[in-house]
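Novice: Okay, here's the structure, questions in a sec.
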Amino acid sequence: MAQRILPGNAAVLYLRMSDEDQTTSIPSQRVELTKYARSKGYTILREYLDEAISGDSTEKRFGFLAMREAAGSGEFAVILCWDQDRFGRFDPLDAGYWIYPFRRGGVRLETVAQGKIDWEDLTGQLIYSVNQLGKAQFLRDLSRNTTRGLLASAREGRAGTGGPHCYGYRSADGKVWIIEDEAKVVRWIFGEYLKAGASLRGIAANLNRRKMPPPRGKVWRVSSVRAILQRRKYTGSFVYGSRNAGKYFAMRDGEVIPRRKSDKTISAEPIIHPNKFEAIVSQEVFDRVQRRLVDRKGNTTRRQARQYLLAGLVKCGDCNGAMGGSTRSRGAVYHCRTYHQTGSTSCHRNAIDEAPLVACIVRKIQERYLSEPALDRLRKALEAVQDRARPRPRDLVRLVARSKNFLGCLAQTLNRASSAARMSDRMPPSSKRRQKSPAVVGSGIRSVPRASRKTSSLRRSSMSSSRAPSHRAL
Ligand SMILES: [Zn+2]
């Protein structure tokens with residue numbers, strides 16, 4: 001029973017599947033919605049799609065955002081969706097913000113599960129809000145329970161190595177064991193870094209050359225090597241909570257605390273249980289590596305104090321990646337970041353000095369903008385603008401008259417002021433002192449001493465004329 005309140009029966013489909021709930025696949029939603037549309041006599045105009053995005057991350061749901069943008073166009077009157085949950089989980093305050101454009105565009109929502117949802121109708125609004133509140137609360141509870149559960153097991157040192165999967169270890173049912181192939185790599189990295197002249201990049205390059213599969217991604221980077229070197233778990237310690245990523249609740253210093261949407265990360269003291277499982281590196285090696293990392297960090301931050309004009313703008317000719325700057329004895333140099341981060345397997349040691357590069361750019365700018373023909377073009381363009389902005393003759397006459405008047409006022413004021421000053425110089429010192437105080441009141445634009453009632457009226461007019469140039473009182 002399609003109630004055609006709005007012109008047309010044009011509909012769009014909104015399909016979404018989130019990471020946490022994959023029960024209703026996109027194709028099955030599409031089939032159901034197409035069936036539904038046919039039964040109600042709707043014509044499907046197009047579909048909007050969001051995959052693997054949670055219902056409350058609305059700002060990341062680009063399909064939803066595009067649909068919201070299009071709602072004002074008047075192309076469609078109905079959004080068809082599997083259920084209200086697919087459409088979105090908003091808390092009631094956010095809901096208004098996200099839904100308003102649909103409402104203003106006269107678009108309504110229809111779901112296979114809950115039927116028609118009318119944002120115009122009060123009952124519809126209430127039902128919608130209550131449902132939404134339920135969903136938002138559900139997500140929040142889930143987050144809190146998860147965080148709490150994790151925290152409880154972390155306190156007891158259960159849950160594997162603590163936190164997410166750790167390269168070199170596997171865990172199940174509270175047991176942790178070493179994966180020897182990975183542990184070998186970890187030990188090698190620690191050992192290598194302690195050798196003289198070793199660098200994070202050198203280690204990454206070496207691993208890439210030997211085609212060692214990295215813990216994450218395709219290649220070893222400086223950052224992945226550093227992460228391994230800083231991971232305390234390799235000494236056999238259970239570590240939980242050094243990174244904090246709960247959506248609504250987070251853990252701080254062993255407590256579950258609510259988290260605001262605006263909070264990016266919450267720094268926290270991790271929960272640590274030493275000697276919880278077999279170590280891959282000794283505490284002594286780990287400590288030496290940490291000291292070395294700190295020492296080296298000091299060096300790099302000093303070097304990074306300079307900003308590089310062309311960093312990220314210059315592209316590597318081989319890999320087309322961005323080039324970053326560094327300082328050598330001969331001056332600033334840009335080098336391929338891919339090589340810099342991953343070593344020689346991915347690209348080459350491509351570098352270019354800044355000085356000739358800047359000279360070349362300056363020359364180009366001069367040719368393009370400061371050459372005689374370019375300046376000529378600029379002059380012509382300016383003249384055209386001036387022509388358009390030129391005042392009409394009547395305005396000019398008025399302007400001239402007004403400025404003459406203003407200059408006249410100014411001259412008179414100055415004359416009177418200087419004669420008043422002369423008069424006050426001739427006055428006896430006692431009366432001068434008596435008169436001084438009222439003249440101090442007010443703004444600082446008065447540098448002329450005042451001594452009589454006459455001058456106080458003068459002060460008023462001089463002030464007003466200085467504020468309003470067209471004043472004609474004098
Ligand atoms: Zn490159």
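Bear in mind that the values in this text are calculations on the coordinates, not laboratory data. A quick note: this is a predicted structure, and the numbers were derived from the prediction, not measured. Because the Cβ atoms are built from the backbone with ideal geometry, glycine has one as well, and the counts that use them run over all protein chains shown.
Novice: Given 73, 28, 39, which one lies farthest toward the positive end of the charge dipole of segment 10-120, if we put +1 on the Cβ of every Lys and Arg and -1 on the Cβ of every Asp and Glu?
Specialist: Going by the Cα projections, it comes out as 39.
Novice: Go ahead and run the numbers for FRET between residue 165 and residue 319, Cβ-Cβ distance against an R0 of 30 Å, rounding to 0.05.
Specialist: Efficiency at R0 = 30 Å is approximately 0.50.
Novice: Another question, then. Nearest 20 debye, what's the magnitude of the dipole of segment 10-120 about its Cα centre given +1 on Lys and Arg Cβ and -1 on Asp and Glu Cβ?
Specialist: Charge dipole of segment 10-120: 520 debye, to the nearest 20.
Novice: If I stretch the segment between residue 26 and residue 91 completely, what's the gain in nm (0.36 nm per residue apart, minus their alpha carbon distance), one decimal?
Specialist: 20.9 nm
Novice: Between beta-carbons, use under 12 Å as the cut-off and find the net charge around residue 65, counting Lys and Arg +1, Asp and Glu -1.
Specialist: Cβ neighbours under 12 Å give a net charge of 0.
Novice: Net charge near residue 284, counting Lys/Arg +1 and Asp/Glu -1 over other residues with Cβ under 15 Å of its Cβ?
Specialist: +4
Novice: Right, here's the next one. In nm, to one decimal, how far is the modelled label at residue 65 from the one at residue 195, with both set 7 Å along Cα→Cβ?
Specialist: 4.7 nm
Novice: Which number do you get for Rg(Cα) / (2.2 N^0.38 Å) in segment 305-358?
Specialist: 1.05
Novice: Let me ask you something else. Could you line up 177, 220, 82, 98 from fewest to most neighbouring Cβ atoms inside 10 Å?
Specialist: The order, fewest Cβ neighbours first, is 177, 98, 82, 220.
Novice: What whole-number value in cubic angstrom gives the convex hull volume per residue for the C-alpha atoms of segment 10-120?
Specialist: Taking only Cα atoms, segment 10-120 has a hull volume of 91 Å³ per residue.
Novice: Same structure, new question: Find the centroid of the Cα atoms in segment 40-113 and in segment 340-388, then give the distance between the two in whole Å.
Specialist: With segment 40-113 and segment 340-388 each reduced to a Cα centre, they are spaced 46 Å.
Novice: List the residues, sorted by chain then number, that are 5 or more residues from residue 46 or on another chain and whose placed amide H is less than 5 Å from its amide H.
Specialist: 13
Novice: Full-extension gain between residue 218 and residue 113, please, as 0.36 nm times their residue separation minus the C-alpha to C-alpha distance.
Specialist: 33.5 nm
Novice: What order do you get for 286, 62 when you list them from fewest to most C-beta neighbours inside 10 Å?
Specialist: So the residues, fewest neighbours to most, are 62, 286.
Novice: Same structure, new question: Can you give the FRET efficiency to the nearest 0.05 for residue 57 and residue 288, using r as the Cβ-Cβ distance and R₀ = 45 Å?
Specialist: Efficiency at R0 = 45 Å is approximately 0.60.
Novice: Here's another thing I want to ask about it. What net charge is computed for the residues neighbouring residue 322, neighbours being all others with C-beta under 12 Å from the C-beta of residue 322, Lys and Arg scored +1, Asp and Glu -1?
Specialist: Residues near residue 322 contribute +2 overall.
Novice: Along Cα→Cβ, 7 Å out, is where each label goes; now give me the distance between the ones at residue 211 and residue 311 in nm to one decimal.
Specialist: 3.5 nm
Novice: Applying 1/(1 + (r/R0)^6) with R0 = 35 Å to the Cβ-Cβ distance of residue 380 and residue 400, what FRET efficiency is obtained, to the nearest 0.05?
Specialist: 0.75
Novice: What number does segment 343-415 give for Rg over Rh if you use C-alpha atoms and the Kirkwood radius?
Specialist: 1.49
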